[in-house]
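Before any comments, here is the structure.
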Amino acid sequence: MRERTQDIVATILESAGYGVECADEPFDLSAVGDRESYVVLISDDADEIGHFDGRRFRIRQGEEIEECRKILVTFSPAARADNCTVWGEDEIARYAGEAALARIFGRTLSLGRSTPASPAQRAMSGGGIFHLPVKVSDRNAAIISGTRGEVRCRFVPYWCYHCTSSGSQTVLSRRVSFDADRWGGLNAINGSKMEMTLSDAVDSAMPDDCEVLQPKIAKEEAENQTVTNLIAELTQKVRFRKEEGDAVFYQEETLKPDRRNISTEITLVYVPVWEIEGKNRIVEVNAYTGEILTTPMDEGVEIF
C-alpha cells in the first residue's frame, strides 16, 4: 500500500509543478519547486512518524540553502505530527481528483486552492473542525466573568503558526545566530495572539448550539505578519569598538535574519470562547485557558 500511495502522491506533487524523486529513509519522496520544497513520509508507524516530525531537512539549490517543508501521509487516526502538514484519506482523495483534472485541462494544481466544507457547514452537519478543547464549563465561565446573564459558546478562528529560522551573520569577530523555533496563535479576526501549539488541538464534533465565526485575516497575511514579527524579534544592534592610531570610535551594525531562511507552517485552529451577556456589559472568557479576554473577538462586542 505504501508504494501505491507513493505513486499517487508523486502524481499530485508533479501536477502542482514540483520535480519529484523517490528517496530512501528517512522519507519517501522529495519535491523541489521554484519557491519551496517538500520531503514526504508515507507511514502509519508512530516511531517512524515521531523521528520524521522531529527532524529538519534542508536542500541546496545553487549557492542557497533552504529548509524543506514536510508532508506526512498517514491513514492512522491516532497519528500526530506537530511539525508537518498531514494528509489523510480526505486530502489524498481531494488532491488526486484535482490532479486528474489539472492534467486533463493542462493546468497546474494549487495545493492551497481546494478547501473542504466551511467550518459552519461542518458544525451544522455534526462534523468536527480542528479546535482547542473546551476545558472551562459555561457555569465556571460565568463565575470567572462575575456576570449573570445569557451564556453562548463561540468558536473563534486562529492561525496556529510554527515558525523556524536558521542562519547567522558575522561582523568582525562577533557572530550573531538567528536560529529560532516559535509556536503561537494569531486571531484571524482581530489579530490578537495567544500561546498554542498544533498538538493542543483536536479534530472532533463541536458542542451543541455553538457559533463558528469566519476568518477575516487571510492565511497569506497571517504568514507575512508572523515572519515579520520573528524578524523584528531576532534583529539585533551590535556595537563595536575600533581603534585607529590614537583615535577610538564605535561602530553600530543592525543584523537581521534573511527572510529566505525562515519557514512557516500555518493551520486554522478554532478557539472556544464563552460569551456572557449581562444587563450592562458582555464578558468573553477563553473556554480553553479560563482567561477573561480584553480584546473583543469581533465588531459589535464591548469588553469592560
> Taking the stretch 220-263 as the search range and keeping residues that are assigned to a helix (DSSP H, G or I) and acidic (Asp, Glu), which one is nearest to Gly191 (Cα to Cα)?
Replying inline: Glu221
> Here is a list of conditions, (1) in contact with a strand residue (DSSP E or B) (Cβ under 9 Å, 6 or more places away or on another chain); (2) among the polar types (S, T, N, Q); (3) within 19 Å of Ala180 (Cα to Cα), and Gln214 meets all of them except one; can you say which number that is?
Replying inline: (3)
> Conditions: (1) touching a Cys at 6+ places or on another chain (Cβ under 8 Å); (2) open to solvent by 50 Å² or more (accessible area, probe 1.4 Å). Cys153 meets all but one. Number of the miss?
Replying inline: (2)
>> Just checking: which of the strands (runs of 3 or more DSSP E) contained wholly in the stretch 110-219 hold 1 or more residues that are modelled with pLDDT of 85 or more?
In response: 128-131, 150-165, 168-171, 174-177, 180-187
> Taking Ala78, is it of a type in the set (A, V, I, L, M), farther than 13 Å from Ile49 by Cβ and touching a helix residue (DSSP H, G or I) at 6+ places or on another chain (Cβ under 9 Å)?
Replying inline: no
>> Name the single residue that is most open to solvent (accessible area, probe 1.4 Å) among those in the stretch 235-273 being among the aromatic types (Phe, Trp, Tyr) and out of contact with any Leu (no Cβ under 8 Å at 6 or more places or on another chain).
In response: Tyr250
> Can you tell which of Ile71, Ile65, Ile92 is assigned to a strand (DSSP E or B), surrounded by 13 or more Cβ atoms within 10 Å (Cβ to Cβ) and either modelled with pLDDT of 80 or more or not aliphatic (A, V, I, L, M) (or both)?
Replying inline: Ile71
>> Looking for something farther than 17 Å from Ala287 by Cα and modelled with pLDDT of 90 or more - is there at least one such residue anywhere in the stretch 235-247?
In response: yes
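The values are calculated or read from the model by the stated rules, or taken from the named source; none is laboratory data. Note that the structure is a prediction, hence the values are computed from the model and not measured. When we count neighbours, we look across all protein chains shown, and the Cβ atoms used for this are built from the backbone with ideal geometry, even at glycine. Heavy atoms of the whole protein, side chains included, go into the accessibility calculation; ligands, DNA and RNA do not. Shrake-Rupley method; radii C 1.70, N 1.55, O 1.52, S 1.80 Å.
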